[in-house]
Amino acid sequence: MDEHECQLMRRRLIAIQLWLERGERNIWVIFKRAGFVELDLLSDGGLLAMNMGIYDMIQDDVARINVDDGDNI
């Protein structure tokens, strides 16, 4: 691959990277709108995705597992 071909390949890879980054941001916004996650936008441009209701959602399962194992919680 010569220098010109390397530059073209680099530009293509950067374009793919940007496309995937936009897709990643969009999917998190879709998840937020659907109520699956809460998003905190960070100062560095990143984001923190959390499912705050997961703990409440799994409590019955955790309690059942603990009872099956003989734990008393």
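What about Arg64, is it basic (Lys, Arg), modelled with pLDDT of 85 or more and either out of contact with any strand residue (DSSP E or B) (no Cβ under 7 Å at 6 or more places or on another chain) or open to solvent by 60 Å² or more (accessible area, probe 1.4 Å) (or both)?
no
Pull out all pairs, ordered by first then second residue, where Cβ-Cβ is under 8 Å, the residues are six or more apart or on different chains, the first lies in segment 1-30 and is β-branched (Val, Ile, Thr), and the second is surrounded by 10 or more Cβ atoms within 10 Å (Cβ to Cβ).
Val29/Leu39
Any idea which of Met1, Met57 is part of a loop (DSSP other than H, G, I, E, B) and either among the aliphatic types (A, V, I, L, M) or surrounded by 10 or more Cβ atoms within 10 Å (Cβ to Cβ) (or both)? Before the answer, list the steps.
Values: Met57 fails: part of a loop (DSSP other than H, G, I, E, B).
That would be Met1, the only listed residue that is part of a loop (DSSP other than H, G, I, E, B) and either among the aliphatic types (A, V, I, L, M) or surrounded by 10 or more Cβ atoms within 10 Å (Cβ to Cβ) (or both).
The values are calculated or read from the model by the stated rules, or taken from the named source; none is laboratory data. Treat the numbers as computed from the prediction; the structure is a model and nothing was measured. Don't worry about glycine lacking a Cβ; one is built from the backbone with ideal geometry, like all the others, and counts go over all protein chains shown. Accessible surface is based on the protein model in full, side chains and every heavy atom, while ligands, DNA and RNA are left aside. Shrake-Rupley method; radii C 1.70, N 1.55, O 1.52, S 1.80 Å.
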